[in-house]
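Let me begin by presenting the structure, written as structure tokens, before commenting on it.
Please treat every number below as a calculation from the coordinates, not as lab data. Here the structure is a predicted model, which means the values were calculated and not measured. Methodologically, a virtual Cβ is constructed for each residue, glycine included, from the backbone with ideal geometry; neighbour enumeration extends over all protein chains shown.
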Amino acid sequence: MDFHYYLPTTIKTGRGISKSVGNFLRSLGHSKVFIVTDKGVQKAGVLQEIENSLKESSISFTIFSEVVPNPTSENIMEGVKKVIEYNPDSVLAVGGGSSIDTAKGISIMAKNSGNILDYEGVGKIPNDGLILTVIPTTAGTGSEVTASTIVTNTETKFKAAVISPYLFPNYAFLDAELTENLPSNVTAATGMDALTHAIESYTSKTTNPVSEALSLQAIKLIAKNIEKAYFVGNDMSNRENMLVASMLAGAAFSQSRLGNVHAISHTLGGVFNIPHGIANATLLPFVMKFNLPACPEKMVDIASALGINTSNLSIQEGAEAAIHAVIRLNKQLNIPGNIKELGVNLDALPKLIEDSMRSGNVLINPRLTTDEDIKEIIENAYYGIL
């Protein structure tokens, strides 16, 4: 029962709360802010109210909107150069997981030497970064409460994980109004990304009672709200619940880490530039099937959290019901049933296996995993064999 739980991020929630960020930062004594976002968020007008809030609080700012999907080390270091030139009090991330991960990298590298890739691994960053406030515009990554950032090495096409307590954002504003106009396909991919986080965290070898409770609550909220968020779209209660579920899943896996879905999906993202959420969603049932023999009781818990009555089912039946529930959700949300449709080419299989096995997530996956196992999971996911 020995465990450690640490979450230093202050979380603020509420509809329209992002409009108060200027007053909040001013209360901290900040007067100069470096905003990190992407062109899509900027074009959609999401920043307007946030900019107004900063102006009303007499806070000057500049905007770095060059964030790319699956952020690269070059992209992050470009932002580092600009943040050092601007010399702000703090960094403000507005956007999805890519914007938040990029902002984490920029914030930390403003106070550390070298390249972000120099710190791949766990606990290698020597100094804290700039104060970081994040405002997620999607309900999926949970990056607003995690101690990691994922960086693509363009030379090796490997997505490296940089993990450190210094990467926890200082403040997170959860404003469901910013997610109201998300395209349905983004709602689906990010929502299933959050579900993957919750499920993998719950079954991880390094889970603990706190992370388990957070994981199960996240699964329950996602099961009750993701379809309405997808099909209705503008119901704020569904949007709020999905945003909170994403945060809970992030708070869970920030402690327990994840498993084989992420080991493989990061590889697919690095090699084929596949969006992270959709890769996770497609891979999830295949990895759950692989893991079932190692954690059947936990799979039954997942089935129950997904809303399935497991009282009259055997442990095996209940565990399998969890997999079928995830498959059903993917179909409902128009997520592909195989990774071939995502653009994966099996010619790259040796590299996919090698890079997946390099991930620390394999070590904490509930079932012992070999190169041959990864090969089988990828092939099954490619051909849609469940």
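The table below lists the values:
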{"quantity": "Shape category assigned to the stretch 227-315 from the gyration tensor of Cα positions, a/c cut at 1.5", "calculated": "oblate"}
{"quantity": "Mean-position separation - Cα centroids, the stretch 230-267 and the stretch 318-371, in angstrom", "calculated": "17 Å"}
{"quantity": "Low-density loop positions, GluC sites (Glu not before Pro), the stretch 168-276 - DSSP coil, at most 15 other Cβ in 10 Å", "calculated": "180"}
{"quantity": "Cβ charges +1 (Lys, Arg) and -1 (Asp, Glu), total dipole of the stretch 10-179, debye", "calculated": "180 debye"}
{"quantity": "Between helix 97-109 and the chain: long-axis angle, C-alpha atoms, 0 to 90°, nearest 10", "calculated": "60 degrees"}
{"quantity": "Along each principal axis, Cα extent of the stretch 10-179, largest first, Å", "calculated": "43, 29, 26"}
{"quantity": "Degrees, to the nearest 10: 296-305 long Cα axis against longest axis of the chain", "calculated": "60 degrees"}
{"quantity": "Percentage relative contact order, the stretch 183-322, counting C-alpha pairs under 8 Å, at least six apart", "calculated": "29 percent"}
{"quantity": "Distance histogram for the stretch 184-383 (every C-alpha pair counted, 10 angstrom bins, percent rounded to whole numbers)", "calculated": "10, 39, 38, 13, 1"}
{"quantity": "Per-q log10 I(q)/I(0), the stretch 180-228, q = 0.14, 0.19, 0.28, 0.30 Å⁻¹ (Debye; single scatterer per alpha-carbon; no solvent)", "calculated": "-0.37, -0.61, -0.99, -1.07"}
{"quantity": "Charge sum, other residues only, whose C-beta stays under 14 Å from residue 311's C-beta, Lys/Arg counted +1 and Asp/Glu -1", "calculated": "-2"}
